[in-house]
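Asks: One structure, as C-alpha coordinates, below. Some questions next.
The values are calculated or read from the model by the stated rules, or taken from the named source; none is laboratory data. Remember, it's a predicted structure, so these values are computed and weren't measured experimentally. Here the Cβ positions follow ideal geometry from the backbone for every residue, glycine too, while neighbour counts run over all protein chains shown. Accessible surface areas use protein heavy atoms only, side chains included; no ligands, DNA or RNA. Shrake-Rupley method; radii C 1.70, N 1.55, O 1.52, S 1.80 Å.
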Amino acid sequence: LNMADVRVVLLLYAALTTPFRADGGATLSSLGLPLPDIPTGYVYKNGNPLAPVQIEIFGDLVCPSFKASFPVMKEVADWYGPNLVCLKIHLFPLPYHKYAFLTHQVVHIVEPYLGINGTFDYMDRILENNEKFGREVLNRTEGQIHNELLRIVQTFGVPADQYWAGVNSFPTWNKARIEFKYACHRGVASSPAYFVNGVMVVPAVTAEDGTMEDFSLAEWKEALDPMLGTPEQRQQKEQMAADGFSYGTCPKAGQDRVTCSPVTNQARSETTATSVSTAVLALLAVVTTLGSHL
(Lines give C-alpha, C1' and ligand atoms only; values in the text may rest on other atoms or scores of the structure.)
Protein backbone atom coordinates (compact mmCIF):
# COMPACT_ATOMS: atom_id res chain seq x y z
CA LEU A 1 0.00 0.00 0.00
CA ASN A 2 1.16 3.50 -0.82
CA MET A 3 0.41 6.53 1.36
CA ALA A 4 -2.72 7.38 -0.64
CA ASP A 5 -4.15 3.92 0.00
CA VAL A 6 -3.34 4.24 3.70
CA ARG A 7 -5.20 7.54 3.85
CA VAL A 8 -8.24 5.94 2.23
CA VAL A 9 -8.23 3.04 4.71
CA LEU A 10 -7.92 5.39 7.67
CA LEU A 11 -10.73 7.61 6.43
CA LEU A 12 -12.99 4.61 5.83
CA TYR A 13 -12.21 3.33 9.31
CA ALA A 14 -13.04 6.72 10.81
CA ALA A 15 -16.32 6.86 8.91
CA LEU A 16 -17.41 3.37 9.82
CA THR A 17 -16.45 3.55 13.50
CA THR A 18 -17.88 6.98 14.26
CA PRO A 19 -20.48 6.34 17.02
CA PHE A 20 -24.02 7.27 16.05
CA ARG A 21 -27.58 6.36 16.88
CA ALA A 22 -30.38 5.67 14.46
CA ASP A 23 -32.40 8.53 15.97
CA GLY A 24 -29.54 10.98 15.42
CA GLY A 25 -28.79 11.28 19.12
CA ALA A 26 -25.32 11.56 20.60
CA THR A 27 -23.27 8.73 22.03
CA LEU A 28 -20.16 8.85 24.17
CA SER A 29 -16.87 7.11 23.53
CA SER A 30 -14.55 7.02 26.53
CA LEU A 31 -11.43 5.61 24.83
CA GLY A 32 -11.60 2.47 26.92
CA LEU A 33 -12.20 4.25 30.22
CA PRO A 34 -15.43 3.14 31.92
CA LEU A 35 -17.63 6.19 32.41
CA PRO A 36 -18.43 6.66 36.11
CA ASP A 37 -22.08 7.15 37.02
CA ILE A 38 -21.17 10.20 39.11
CA PRO A 39 -17.95 12.25 39.38
CA THR A 40 -15.24 10.32 41.20
CA GLY A 41 -13.52 11.40 44.38
CA TYR A 42 -14.41 12.30 47.96
CA VAL A 43 -15.03 15.93 48.86
CA TYR A 44 -13.74 16.94 52.27
CA LYS A 45 -16.24 18.51 54.71
CA ASN A 46 -18.77 19.49 52.05
CA GLY A 47 -16.32 21.63 50.12
CA ASN A 48 -18.08 23.92 47.68
CA PRO A 49 -17.60 22.88 44.03
CA LEU A 50 -17.93 26.59 43.19
CA ALA A 51 -15.04 27.64 45.45
CA PRO A 52 -12.38 29.64 43.57
CA VAL A 53 -9.64 27.15 44.49
CA GLN A 54 -10.23 23.48 43.74
CA ILE A 55 -7.55 21.12 45.06
CA GLU A 56 -7.47 17.46 44.10
CA ILE A 57 -5.05 15.01 45.61
CA PHE A 58 -4.55 11.46 44.38
CA GLY A 59 -3.19 9.09 46.98
CA ASP A 60 -2.60 5.51 48.03
CA LEU A 61 -3.79 4.57 51.53
CA VAL A 62 -0.75 2.33 51.99
CA CYS A 63 1.73 4.98 50.80
CA PRO A 64 3.90 6.59 53.52
CA SER A 65 4.14 9.84 51.55
CA PHE A 66 0.36 10.13 51.29
CA LYS A 67 0.12 9.38 55.01
CA ALA A 68 2.32 12.43 55.66
CA SER A 69 0.51 14.77 53.26
CA PHE A 70 -3.10 13.83 54.04
CA PRO A 71 -3.37 15.70 57.38
CA VAL A 72 -1.69 18.76 55.88
CA MET A 73 -4.22 18.93 53.04
CA LYS A 74 -7.11 18.69 55.50
CA GLU A 75 -5.46 21.46 57.50
CA VAL A 76 -5.30 23.62 54.36
CA ALA A 77 -8.99 23.04 53.62
CA ASP A 78 -9.93 23.80 57.23
CA TRP A 79 -7.89 27.00 57.24
CA TYR A 80 -9.60 28.50 54.20
CA GLY A 81 -13.06 27.02 54.60
CA PRO A 82 -15.29 25.23 52.07
CA ASN A 83 -16.25 28.35 50.10
CA LEU A 84 -12.65 29.30 49.31
CA VAL A 85 -10.92 25.92 48.95
CA CYS A 86 -12.64 22.71 47.97
CA LEU A 87 -10.52 19.64 48.66
CA LYS A 88 -11.28 16.41 46.83
CA ILE A 89 -9.49 13.14 47.51
CA HIS A 90 -9.05 10.52 44.79
CA LEU A 91 -7.69 7.13 45.77
CA PHE A 92 -4.93 5.74 43.58
CA PRO A 93 -3.70 2.33 44.80
CA LEU A 94 -0.19 1.74 43.54
CA PRO A 95 0.26 -1.78 42.11
CA TYR A 96 3.45 -2.42 44.09
CA HIS A 97 1.61 -1.92 47.39
CA LYS A 98 0.04 -5.36 47.70
CA TYR A 99 -3.12 -4.51 49.65
CA ALA A 100 -3.62 -0.92 48.51
CA PHE A 101 -6.44 -1.84 46.15
CA LEU A 102 -8.21 -3.82 48.88
CA THR A 103 -8.11 -0.89 51.30
CA HIS A 104 -9.50 1.25 48.48
CA GLN A 105 -12.29 -1.21 47.71
CA VAL A 106 -13.36 -1.26 51.36
CA VAL A 107 -14.09 2.48 51.13
CA HIS A 108 -17.13 1.55 49.05
CA ILE A 109 -18.22 -0.93 51.72
CA VAL A 110 -18.15 1.60 54.56
CA GLU A 111 -19.52 4.57 52.61
CA PRO A 112 -23.21 3.50 52.82
CA TYR A 113 -22.84 3.36 56.61
CA LEU A 114 -20.71 6.48 57.12
CA GLY A 115 -21.52 8.79 54.22
CA ILE A 116 -18.89 10.75 52.27
CA ASN A 117 -17.67 12.67 55.33
CA GLY A 118 -17.38 9.45 57.33
CA THR A 119 -15.15 7.85 54.71
CA PHE A 120 -12.45 10.27 55.80
CA ASP A 121 -12.54 8.67 59.26
CA TYR A 122 -11.93 5.30 57.61
CA MET A 123 -9.07 6.74 55.53
CA ASP A 124 -7.53 8.24 58.66
CA ARG A 125 -7.69 4.90 60.43
CA ILE A 126 -6.07 3.03 57.53
CA LEU A 127 -3.35 5.65 57.18
CA GLU A 128 -2.61 5.50 60.89
CA ASN A 129 -2.06 1.74 60.55
CA ASN A 130 -0.93 1.54 56.94
CA GLU A 131 2.29 -0.32 57.80
CA LYS A 132 0.06 -3.31 58.58
CA PHE A 133 -1.08 -3.31 54.95
CA GLY A 134 2.30 -2.44 53.47
CA ARG A 135 5.68 -3.19 54.96
CA GLU A 136 4.48 -5.70 57.53
CA VAL A 137 2.63 -8.08 55.19
CA LEU A 138 5.51 -10.41 54.32
CA ASN A 139 4.82 -12.80 57.18
CA ARG A 140 1.05 -12.39 57.25
CA THR A 141 -1.59 -14.33 55.35
CA GLU A 142 -4.31 -12.73 53.27
CA GLY A 143 -6.83 -13.94 55.83
CA GLN A 144 -4.99 -12.03 58.56
CA ILE A 145 -5.08 -8.88 56.42
CA HIS A 146 -8.83 -9.26 55.96
CA ASN A 147 -9.31 -9.78 59.68
CA GLU A 148 -7.39 -6.57 60.38
CA LEU A 149 -9.59 -4.65 57.95
CA LEU A 150 -12.70 -6.28 59.38
CA ARG A 151 -11.70 -5.18 62.87
CA ILE A 152 -11.36 -1.60 61.65
CA VAL A 153 -14.66 -1.42 59.77
CA GLN A 154 -16.55 -2.99 62.65
CA THR A 155 -15.54 -0.04 64.83
CA PHE A 156 -17.58 2.06 62.38
CA GLY A 157 -20.64 -0.16 62.74
CA VAL A 158 -20.21 -2.22 59.58
CA PRO A 159 -21.41 -5.81 60.20
CA ALA A 160 -19.02 -8.65 59.40
CA ASP A 161 -21.38 -10.19 56.85
CA GLN A 162 -21.56 -6.88 54.98
CA TYR A 163 -17.78 -6.68 54.89
CA TRP A 164 -17.40 -10.16 53.42
CA ALA A 165 -20.23 -9.55 50.96
CA GLY A 166 -18.59 -6.29 49.91
CA VAL A 167 -15.11 -7.64 49.27
CA ASN A 168 -16.64 -10.37 47.10
CA SER A 169 -18.93 -7.92 45.31
CA PHE A 170 -18.38 -6.84 41.73
CA PRO A 171 -19.87 -3.34 42.26
CA THR A 172 -17.42 -2.35 45.02
CA TRP A 173 -14.52 -3.86 43.09
CA ASN A 174 -15.60 -2.12 39.90
CA LYS A 175 -15.97 1.29 41.55
CA ALA A 176 -12.42 1.07 42.84
CA ARG A 177 -11.26 -0.12 39.42
CA ILE A 178 -12.92 2.82 37.65
CA GLU A 179 -11.38 5.28 40.09
CA PHE A 180 -7.94 3.79 39.47
CA LYS A 181 -8.39 4.06 35.70
CA TYR A 182 -9.65 7.63 36.08
CA ALA A 183 -6.42 8.56 37.87
CA CYS A 184 -4.36 6.98 35.09
CA HIS A 185 -6.46 8.91 32.55
CA ARG A 186 -5.51 12.13 34.34
CA GLY A 187 -1.83 11.26 33.99
CA VAL A 188 -1.31 10.30 37.63
CA ALA A 189 1.63 7.96 38.21
CA SER A 190 2.60 8.55 41.84
CA SER A 191 1.21 9.10 45.31
CA PRO A 192 0.50 11.78 46.29
CA ALA A 193 -0.25 13.73 43.12
CA TYR A 194 -1.80 17.19 43.23
CA PHE A 195 -4.00 19.29 40.97
CA VAL A 196 -4.94 22.91 41.63
CA ASN A 197 -7.84 24.18 39.52
CA GLY A 198 -7.32 21.29 37.13
CA VAL A 199 -3.57 21.78 36.67
CA MET A 200 -1.08 19.22 37.98
CA VAL A 201 1.36 20.82 40.40
CA VAL A 202 4.28 19.70 42.55
CA PRO A 203 3.91 21.41 45.94
CA ALA A 204 7.35 20.57 47.27
CA VAL A 205 10.39 22.41 48.59
CA THR A 206 14.02 21.37 48.81
CA ALA A 207 15.10 20.57 52.36
CA GLU A 208 18.54 21.33 53.77
CA ASP A 209 19.71 17.79 53.05
CA GLY A 210 18.70 18.13 49.40
CA THR A 211 15.58 15.99 49.61
CA MET A 212 12.15 17.17 48.46
CA GLU A 213 9.47 17.75 51.08
CA ASP A 214 5.78 18.41 50.48
CA PHE A 215 4.36 21.81 51.36
CA SER A 216 3.42 22.60 54.92
CA LEU A 217 0.35 24.71 55.73
CA ALA A 218 2.49 27.85 55.73
CA GLU A 219 3.82 27.10 52.24
CA TRP A 220 0.36 26.32 50.90
CA LYS A 221 -0.83 29.66 52.28
CA GLU A 222 2.08 31.38 50.56
CA ALA A 223 1.01 29.80 47.26
CA LEU A 224 -2.77 30.20 47.57
CA ASP A 225 -3.10 33.63 49.20
CA PRO A 226 -2.08 35.51 46.01
CA MET A 227 -4.69 33.52 44.06
CA LEU A 228 -7.41 34.69 46.42
CA GLY A 229 -6.34 38.34 46.33
CA THR A 230 -6.79 41.04 48.92
CA PRO A 231 -8.93 40.47 52.02
CA GLU A 232 -11.76 42.31 50.29
CA GLN A 233 -11.42 40.19 47.13
CA ARG A 234 -11.22 37.04 49.21
CA GLN A 235 -14.39 37.95 51.07
CA GLN A 236 -16.16 38.68 47.79
CA LYS A 237 -15.08 35.36 46.26
CA GLU A 238 -16.17 33.50 49.37
CA GLN A 239 -19.59 35.14 49.27
CA MET A 240 -19.95 34.47 45.54
CA ALA A 241 -19.30 30.77 46.09
CA ALA A 242 -21.77 30.70 48.98
CA ASP A 243 -24.37 32.42 46.78
CA GLY A 244 -23.96 29.82 44.05
CA PHE A 245 -22.00 31.91 41.55
CA SER A 246 -20.05 29.74 39.13
CA TYR A 247 -17.01 31.16 37.34
CA GLY A 248 -17.42 31.15 33.58
CA THR A 249 -21.21 30.90 33.67
CA CYS A 250 -24.09 33.32 33.77
CA PRO A 251 -24.95 34.72 37.20
CA LYS A 252 -28.16 34.12 39.06
CA ALA A 253 -30.81 36.82 39.22
CA GLY A 254 -29.45 39.85 40.98
CA GLN A 255 -25.81 39.04 40.23
CA ASP A 256 -24.52 41.55 37.68
CA ARG A 257 -20.81 40.76 37.80
CA VAL A 258 -20.82 39.22 34.33
CA THR A 259 -23.12 39.35 31.32
CA CYS A 260 -24.01 36.46 29.07
CA SER A 261 -25.78 36.55 25.75
CA PRO A 262 -28.66 34.10 25.42
CA VAL A 263 -28.23 31.00 23.31
CA THR A 264 -31.28 30.27 21.20
CA ASN A 265 -32.38 26.86 20.09
CA GLN A 266 -31.70 27.90 16.51
CA ALA A 267 -28.09 28.80 17.30
CA ARG A 268 -27.67 25.60 19.24
CA SER A 269 -29.02 23.49 16.37
CA GLU A 270 -26.78 25.28 13.89
CA THR A 271 -23.59 24.77 15.87
CA THR A 272 -24.12 21.25 17.22
CA ALA A 273 -22.63 18.58 14.95
CA THR A 274 -24.08 15.10 15.23
CA SER A 275 -22.14 11.90 14.88
CA VAL A 276 -24.00 11.20 11.63
CA SER A 277 -22.84 14.46 10.04
CA THR A 278 -19.29 13.63 11.12
CA ALA A 279 -19.55 10.31 9.32
CA VAL A 280 -20.88 12.02 6.19
CA LEU A 281 -17.95 14.45 6.18
CA ALA A 282 -15.54 11.56 6.51
CA LEU A 283 -17.19 9.74 3.60
CA LEU A 284 -16.95 12.87 1.45
CA ALA A 285 -13.26 13.03 2.23
CA VAL A 286 -12.94 9.40 1.12
CA VAL A 287 -14.68 10.13 -2.18
CA THR A 288 -12.48 13.17 -2.76
CA THR A 289 -9.35 11.18 -2.03
CA LEU A 290 -10.42 8.32 -4.31
CA GLY A 291 -11.29 10.73 -7.10
CA SER A 292 -7.83 12.26 -7.01
CA HIS A 293 -6.25 8.86 -7.59
CA LEU A 294 -8.54 7.42 -10.26
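Results for (1) part of a loop (DSSP other than H, G, I, E, B); (2) at pLDDT 95 or above; (3) touching a strand residue (DSSP E or B) at 6+ places or on another chain (Cβ under 6 Å); (4) closer than 20 Å to A51 by Cβ, shown as yes or no for each residue.
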position	(1), (2), (3), (4)
E222	no, yes, no, yes
D225	no, yes, no, yes
E232	no, yes, no, yes
F245	yes, no, no, yes
Q255	yes, no, no, yes
S261	yes, no, no, no
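Asks: Separate question: List the residue pairs whose Cβ atoms are under 9 Å apart, where the first residue sits in segment 123-144 and is closer than 19 Å to C63 by Cβ and aliphatic (A, V, I, L, M), the second is open to solvent by 90 Å² or more (accessible area, probe 1.4 Å) and part of a loop (DSSP other than H, G, I, E, B), and the two are 6 or more positions apart or on different chains.
Replies: V137/K98
Asks: Then there is this: So for segment 162-173 (the condition being closer than 21 Å to P112 by Cβ and in contact with an Asp or Glu (Cβ under 8 Å, 6 or more places away or on another chain)), does at least one residue qualify?
Replies: First, pick out the residues of segment 162-173 that are closer than 21 Å to P112 by Cβ: 162-173.
Subset that is in contact with an Asp or Glu (Cβ under 8 Å, 6 or more places away or on another chain): none.
No: zero hits.
Asks: In segment 163-208, how many are among the polar types (S, T, N, Q), surrounded by fewer than 17 Cβ atoms within 10 Å (Cβ to Cβ) and not in a helix (DSSP H, G or I)?
Replies: Residues of segment 163-208 that are among the polar types (S, T, N, Q), as a first pass: 168-169, 172, 174, 190-191, 197, 206.
Of the ones still in play, those that are also surrounded by fewer than 17 Cβ atoms within 10 Å (Cβ to Cβ) are 168-169, 174, 190, 197, 206.
Now narrow it down to the ones that are not in a helix (DSSP H, G or I): 168-169, 190, 197, 206.
Of the residues in that region, 5 qualify.
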